[in-house]
Amino acid sequence: MSFDYKVADLGLAEAGRHQIRLAEHEMPGLMSLREEFGAAQPLKGARIAGSLHMTVQTAVLIETLTALGAEVRWASCNIYSTQDEAAAAVVVGKGTPEDPQGVPVFAWKGETLEEYWDCTEQILTWPGEHGANMILDDGGDATMLVHNGRAWETAGQVPPTDDADSEEVGVFKELVRKTLKADPTKWTKVSEEIKGVTEETTTGVHRLYELAATGDLLFPAINVNDSVTKSKFDNKYGCRHSVIDGLNRAVDVLIAGKTAVVAGYGDVGKGCAQALAAQGARVIVTEVDPICALQAAMEGYQVARLESVVESADIFITTTGNFNIITADHMKQMKNKAVVANIGHFDNEIDMAGLAKVPGITKTQIKPQVHEWVFEGGNSIIVLSEGRLFNLGNATGHPSFVMSNSFTNQTIAQIELFTKTSDYDKQVYVLPKHLDEKVARLHLAAIGVELTELTKEQAAYIGVDVAGPYKPEHYRY
Ligand code: NAI
């Protein structure tokens, strides 16, 4: 069997396979889907283009999708988040580095932006007659490529250059220009084959709802992020783990006694604030939403504007999914050797472009994904992963058990959209609550949870079925 792929080094496959084997043990949700659906092959005929951090946990997801019958092509959704050994192991599969027999992966740690978009195009460009018919997205870049590509194509335009474009947007437009030059109807053809997309994260979901609101969504979408067993677990407990992991692997400064600012107190912010406080940091939260601000205050955190605390804090973590949270001006005012990092999906929470333009500033690489930016006066700050999500850039993202929850939702969502396509309009859906509860149920035994069962009488008294769902749709957990 021969197929195209691009990873750092297939020689890393054995190391990756050992890690995948251990991860499988920690991912009971995915492993039980393999048992439940392995024989029925519900994803037979699915050609899934996956754009999601190419980590060890994602390897278990990919191999679950193929175990259920899917064909898959995969890229990472961030230039720094790939674990090269995981990528190699997925490509090698049951073969050897000389004779790989796994899945085409296009991902390595430290891609350039050009390479990143080339890889994203690769997952949507299949050999043979047919292209991808499903997208599994994280942050929405694969979905955006199809939508913008097609929009520019039907308007009969190549994407126009604009002086205001960031480097990122410029590189993206160049990729679309290149693809349209090679095949002027490429994105219409690609989009027409796609039955649906399942989206992993808050930021990608936000993009999908915008497309649906303007009537521009080209195919149905399942919002995986807002399964309770995703956002209230991965975003919160996952970040609670990986925010510390990222800081330690990057700078290893003692967190205890330091002042840490967490910008944003949504699901990610809640996990980050709790982890930093547990390490002994004094945590200050910034928020725009009065409900989240009040929640933070009730947990005992100081809630302040960034301007009030920017000169005194030691660690800054952005978690907002919004842009321009920490500006170059803020960074100029920070304490010497303050650590600045973003855990939100995109790299525009910290104004890296503005920082690079500060007169007299110099940048020194301490090690990969750790840079010291020295201002003219001699003060410096340490920026992690160039402002990109640092829990995946400086560490290895969330641990397997929590990702098993997220990816079990992803797999169920893929089965749902692929097998029941005609039940869905070009809208954004969340999975029904009984499936959300199923995902949680699949993770209980592994951690020794003994669940209480309702009696028939109790169920009737609170108006639910003995087997669930146990809560109304509007319940917030
Ligand atoms: P969320 O919507 O629950 O929380 C974001 C919070 O930021 C909101 O409470 C909002 O009011 C606040 N906010 C917005 N603008 C602000 C501003 N200017 N100043 C202060 N606060 C502001 O979203 P969630 O789920 O917490 O996700 C946040 C980001 O993290 C998203 O980009 C998401 O895609 C990403 N994410 C990253 C993960 C990772 O492993 N690195 C895991 C999960 C999500």
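The values are calculated or read from the model by the stated rules, or taken from the named source; none is laboratory data. Computed from a prediction, not measured in an experiment: that's the story for all the values here. Don't worry about glycine lacking a Cβ; one is built from the backbone with ideal geometry, like all the others, and counts go over all protein chains shown. In case anyone asks, the SASA skips ligands and DNA or RNA and just uses the protein heavy atoms, side chains included. Shrake-Rupley method; radii C 1.70, N 1.55, O 1.52, S 1.80 Å.
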Practice problem: Test GLU437 against the stated conditions and say whether it is acidic (Asp, Glu), modelled with pLDDT of 95 or more, within 24 Å of GLY38 (Cβ to Cβ) and surrounded by fewer than 20 Cβ atoms within 10 Å (Cβ to Cβ). | Solution: yes
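Could you say which residue among VAL171, VAL146, VAL176, VAL158 is in the same structural domain as LEU208 (by the TED database), hydrophobic (A, V, I, L, M, F, W, C) and in contact (Cβ under 8 Å) with a residue 60 or more places away in the chain? It would help to see each step written out before you state the result.
Details: VAL171 fails: in contact (Cβ under 8 Å) with a residue 60 or more places away in the chain; VAL176 fails: in contact (Cβ under 8 Å) with a residue 60 or more places away in the chain; VAL158 fails: in contact (Cβ under 8 Å) with a residue 60 or more places away in the chain.
Just a single option satisfies the conditions, and that option is VAL146.
Any idea which of GLU210, GLU200 is within 23 Å of GLY266 (Cα to Cα) and touching a Leu at 6+ places or on another chain (Cβ under 7 Å)? Spell out the reasoning first.
Numbers: GLU210 fails: touching a Leu at 6+ places or on another chain (Cβ under 7 Å).
Going through GLU210, GLU200 in turn, the sole match is GLU200.
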Self-check item: Which numbered condition SER231 misses (of (1) closer than 30 Å to SER191 by Cα; (2) more than 9 Å from the ligand (Cβ to nearest atom))
Solution: (2)
Self-check item: Residue count for the stretch 419-431, restricted to those that are in contact (Cβ under 8 Å) with a residue 24 or more places away in the chain and either open to solvent by 30 Å² or more (accessible area, probe 1.4 Å) or more than 25 Å from GLU71 (Cα to Cα) (or both)
Solution: 8
Practice problem: Please enumerate the residues belonging to the stretch 255-303 that are more than 8 Å from the ligand (Cβ to nearest atom) and touching a residue at least 40 places away in the same chain (Cβ under 8 Å). | Solution: ILE255, LYS258, THR259, ALA260, VAL261, VAL262, CYS272, LEU276
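Tell me the residue from ASP84, ASP137 that is touching a residue at least 24 places away in the same chain (Cβ under 8 Å), open to solvent by less than 20 Å² (accessible area, probe 1.4 Å) and among the acidic types (Asp, Glu), please.
Numbers: ASP84 fails: open to solvent by less than 20 Å² (accessible area, probe 1.4 Å).
That would be ASP137, the only listed residue that is touching a residue at least 24 places away in the same chain (Cβ under 8 Å), open to solvent by less than 20 Å² (accessible area, probe 1.4 Å) and among the acidic types (Asp, Glu).
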Quiz item: Applying the selection to the stretch 1-44, what residues are without any contact (Cβ under 8 Å) to a residue 60 or more places away in the chain, outside any helix (DSSP H, G or I) and within 26 Å of the chain's Cα centre (by Cα)?
Solution: LYS44
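Each row is one residue, and each column tells you yes or no for (1) outside any helix (DSSP H, G or I); (2) under 25 Å from the mean Cα position of the chain (by Cα).
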site	(1), (2)
ALA395	yes, yes
PHE401	no, yes
SER406	no, yes
ASN409	no, yes
ILE415	no, yes
LYS438	no, yes
GLU453	yes, no
ALA460	no, no
PRO469	yes, no
Quiz item: Quick one: how many residues across the stretch 375-408 are more than 15 Å from the ligand (Cβ to nearest atom), touching a residue at least 60 places away in the same chain (Cβ under 8 Å) and open to solvent by 10 Å² or more (accessible area, probe 1.4 Å)?
Solution: 1
Exercise. Restrict the check to the stretch 45-54 and report whether at least one residue is within 21 Å of SER76 (Cβ to Cβ), surrounded by fewer than 20 Cβ atoms within 10 Å (Cβ to Cβ) and in contact with a Cys (Cβ under 8 Å, 6 or more places away or on another chain).
Key: no
